[in-house]
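Novice: Sharing a structure with you now.
The values are calculated or read from the model by the stated rules, or taken from the named source; none is laboratory data. Just so we're clear, the structure is a prediction, and the values are computed from it rather than from any experiment. Cβ: placed from backbone, ideal geometry, glycine included. Neighbour counts: every protein chain shown. Heavy atoms of the whole protein, side chains included, go into the accessibility calculation; ligands, DNA and RNA do not. Shrake-Rupley method; radii C 1.70, N 1.55, O 1.52, S 1.80 Å.
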Amino acid sequence: MDERLGLEDLITAIRESGGRVTSAKRAVAATLADARDHLSADEITRRVQIGQPDVSPSTVYRILEELESLGVVVHSHVGHAAAVYHVVGPAHGHLVCSRCGVTTEIAARAFDGLSRDLRHHYGFELDRHHVALAGLCRQCREMVKDL
Ligand SMILES: [Zn+2]
Ligand SMILES: [Zn+2]
Ligand SMILES: [Zn+2]
């Protein structure tokens, strides 16, 4: 997938699956489509509730599950915090700094060598996006070095 999906792609996916497009679903889809960063379910709920205060967190969870099962939204685990969600777009991986918590997106091809080795030696298919790689970011490395 080279292009990031937009709001209409999400709405179309719901319709094509025979699902009803409720105002809560539309709000969750719009929040995800507009987000430039990765949002936790709580953060999505907060944003949805600005316009629709009566949408509950459990409704948002159910909608996220539906969108994931339709293959238009993915989640990822970045550090110890709650899973984050975003619309399907260009393949990428995440680096998360264990010290300051900053997340960096990297191109999926950065994993090409590792991915090939894992498939070859272990018959293992790497999921590049689902879990972030932990480590120290450049800034934190420089701080640690100076201590
Ligand atoms: Zn997961
Ligand atoms: Zn991501
Ligand atoms: Zn850092």
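Novice: Within region 64-71, is there a residue that is more than 30 Å from Ser23 (Cβ to Cβ), loosely packed, with under 14 Cβ neighbours inside 10 Å and free of Cβ contacts under 8 Å to residues at least 40 places away in the same chain?
Specialist: The answer is no; no qualifying residue exists.
Novice: Please enumerate the residues belonging to region 14-39 that are open to solvent by less than 30 Å² (accessible area, probe 1.4 Å), under 18 Å from the mean Cα position of the chain (by Cα) and touching a residue at least 24 places away in the same chain (Cβ under 8 Å).
Specialist: Result: Lys25, Ala27, Val28, Ala29, Leu32, Ala33, Ala35, Leu39.
Novice: Which residue pairs have Cβ atoms closer than 9 Å, lie 6 or more positions apart in sequence or on different chains, and pair a first residue in region 123-134 that is assigned by TED's automatic domain parsing to the domain that holds Gly113 with a second residue that is within 15 Å of ligand 1 (Cβ to nearest atom) and open to solvent by 60 Å² or more (accessible area, probe 1.4 Å)?
Specialist: Cβ pairs passing all conditions: His130/His77; Val131/His77; Ala132/His77.
Novice: When you go through (1) at pLDDT below 95; (2) in contact with a strand residue (DSSP E or B) (Cβ under 9 Å, 6 or more places away or on another chain); (3) of a type in the set (Asp, Glu); (4) within 16 Å of ligand 1 (Cβ to nearest atom) one by one for Glu68, which number turns out not to apply?
Specialist: (1)
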